[in-house]
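Visitor: Starting off with a structure, shown below.
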Amino acid sequence: MAVSQRLDLRQSQTLVMTPQLQQAIRLLQLSNLELANFVEQELVQNPLLEKEEADELPPAEQPAPDSGEPTPNDSLEFYESGSLPDANEAPLDTGESSVEGGYDEVAEWPQDGATAFQSSSRGPAGDEDGGSAVQRLSDETTLRDHLLNQVQLDLSDPVDRLIALHLIDMLDEAGYLSEPLDNVAEVLACDVARVEATLKRLQAFDPPGLFARDLKECLALQLADLDRYDPAMVCLLDNLDLVARRQYDDLMALCGVDAEDLTEMLAELRALDPKPGLTLDQRVAEPVIPDVIMRPAPDGGWLLELNAETLPRVLVNQSYHARLYAEARSKKDREYLTEQMQSATWLVKALHQRATTILKVATELAKQQNAFFRKGVEHLRPLTLRDVAEEIEMHESTVSRVTSNKYIATPRGTYELKYFFTAAIAGTDGEAHSAEAVRHRIKALIDDEAPKAILSDDSIVTRLRADGIDIARRTVAKYREAMRIPSSVERRRVKSAQA
């Protein structure tokens with residue numbers, strides 16, 4: 001067979017992930033805090049991007065602080081009927097001075113399923129209390145400062161103070177010591193006995209229970225401070241595993257006390273703090289800022305709007321770009337300006353598409369889970385990513401990215417968007433039930449059980465099947481353990497002791 005060369009022309013289709021497309025996909029899965037950090041970095045790197053401030057808005061769009069009238073974003077009179085814009089629709093303003101990015105978008109899902117949409121460029125509301133909150137946090141005394149003040153008063157020897165400082169820095173957030181004292185003595189080049197003696201003095205500091213090596217020692221220090229560390233309590237702390245298993249008969253025999261004394265001892269034990277270090281160093285929980293806000297609509301449906309506080313407000317300064325481009329003397333400078341202009345424009349478009357996609361998905365979730373929002377968790381219906389993706393004509397991966405780390409504030413509370421996607425459990429009547437609704441039903445059955453009629457897993461299966469839920473016993477056990485509900489034997493022992 002002869003070997004020869006020839007030229008063929010073939011046509012094929014391939015998906016090319018351009019940098020702009022990769023950026024748009026990456027922005028979809030970012031949380032509002034991550035998105036804010038990303039936009040701040042872009043503002044620093046790109047000279048053509050500007051951050052829109054509230055005072056830069058046109059006078060017609062400025063909210064009147066003392067007028068007492070609702071702003072456009074809160075007034076239903078300004079909503080316009082229409083449909084959600086397509087994700088591919090160009091959001092760029094073709095004005096001469098700027099391109100706006102970040103939108104306050106509102107979607108209304110009436111009872112008949114129609115949708116209304118409106119976008120405006122109103123800026124996020126300022127935090128009037130932010131400064132005072134930061135000031136309050138900075139004025140709070142930390143656990144380390146509290147302990148150092150006591151060291152200055154109670155320890156006069158410089159060596160003891162140095163050991164104490166080292167031990168204080170070793171405390172974890174709960175107030176425990178995790179490193180052996182031998183290591184401390186080796187690092188400080190001193191005797192272990194000196195370290196132990198200093199530790200004993202530190203264990204008398206306020207709050208009681210600090211500098212313990214384990215839970216037993218932590219509780220013992222607090223009982224000693226209360227003058228309740230007697231032989232019976234010592235025996236009780238030596239058998240904390242029996243306390244966890246609620247084997248009260250064995251505890252009474254070991255401690256040499258009757259049922260009344262044991263009840264009092266357990267009450268004193270429960271009153272102690274297993275994590276004394278958190279008494280002062282309580283970390284401030286960061287509040288969840290919802291990406292979407294849901295409110296009842298006048299027609300009986302639901303009104304959904306994007307939270308303006310989570311939408312970055314960026315502008316592309318075209319006039320500044322035109323002036324710099326006209327003054328550019330080299331080809332390299334003009335190429336740089338063109339590249340930055342394209343990057344800024346794509347960022348604005350990606351932010352708009354992200355906002356539009358979030359609103360689309362949230363609107364569809366409100367439609368699919370309408371019964372949950374009206375009647376409660378028992379009416380949460382099974383839902384998959386594919387169900388939503390098919391309705392809004394997007395890919396499942398896009399819906400998955402949009403619902404990650406995104407929250408919606410509803411009349412029933414604030415939920416992550418992924419909460420509404422639950423597995424389906426078959427029903428005896430052919431109707432599927434949400435796994436989350438089934439878990440709620442199991443918890444309700446256990447909460448309502450009488451002390452003398454504790455429900456076993458088999459009994460729960462029987463009751464659920466009577467309600468039309470076809471579920472296996474092992475599934476009930478798995479859901480019960482996931483909710484940290486003890487078995488029927490342990491529940492019977494606890495409720496018998498409480499009776």
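The values are calculated or read from the model by the stated rules, or taken from the named source; none is laboratory data. Note that the structure is predicted; figures quoted are calculated from it, not measured. FYI the Cβ positions are ideal-geometry reconstructions off the backbone, even for glycines, and counts take in every protein chain you see.
Visitor: Name the single residue, out of those in the stretch 357-384 being hydrophobic (A, V, I, L, M, F, W, C), part of a helix (DSSP H, G or I) and touching a Phe, Trp or Tyr at 6+ places or on another chain (Cβ under 6 Å), that is farthest from Met294 (Cα to Cα).
Guide: Per the criteria, the residue is Leu365.
Visitor: Does Glu390 meet the test of being modelled with pLDDT of 90 or more and either farther than 26 Å from Ala444 by Cβ or in a helix (DSSP H, G or I) (or both)?
Guide: yes
Visitor: Let me ask another. Within the stretch 357-394, how many residues are within 25 Å of Leu33 (Cα to Cα) and in contact with a strand residue (DSSP E or B) (Cβ under 7 Å, 6 or more places away or on another chain)?
Guide: Qualifying residue count, the stretch 357-394: 5.
Visitor: Go through (1) in a helix (DSSP H, G or I); (2) in contact (Cβ under 8 Å) with a residue 60 or more places away in the chain one by one and return the number of the condition Leu210 breaks.
Guide: (1)
Visitor: Out of the residues in the stretch 158-178 that are modelled with pLDDT of 85 or more and not hydrophobic (A, V, I, L, M, F, W, C), state the one that is farthest from Leu199 (Cα to Cα).
Guide: Among those that are modelled with pLDDT of 85 or more and not hydrophobic (A, V, I, L, M, F, W, C), it is Glu173.
Visitor: How many residues does the stretch 320-356 contain that are farther than 28 Å from Arg26 by Cβ, of a type in the set (D, E, K, R) and in a helix (DSSP H, G or I)?
Guide: Selection size over the stretch 320-356: 6.
Visitor: Which residue, of Ala232, Ala244, is exposed (fewer than 15 other Cβ atoms within 10 Å of the Cβ) and out of contact with any strand residue (DSSP E or B) (no Cβ under 8 Å at 6 or more places or on another chain)?
Guide: So the residue among Ala232, Ala244 that is exposed (fewer than 15 other Cβ atoms within 10 Å of the Cβ) and out of contact with any strand residue (DSSP E or B) (no Cβ under 8 Å at 6 or more places or on another chain) is Ala244.
Visitor: Going by what's in this entry, would Leu303 be described as in contact with a helix residue (DSSP H, G or I) (Cβ under 8 Å, 6 or more places away or on another chain), surrounded by fewer than 19 Cβ atoms within 10 Å (Cβ to Cβ) and either over 23 Å from Glu217 (Cβ atoms) or not small (Gly, Ala, Ser) (or both)?
Guide: no
Visitor: Filter the stretch 131-156 for residues that are outside any helix (DSSP H, G or I) and modelled with pLDDT under 85 and give the result.
Guide: Passing the criteria: Glu140, Thr141, Thr142.
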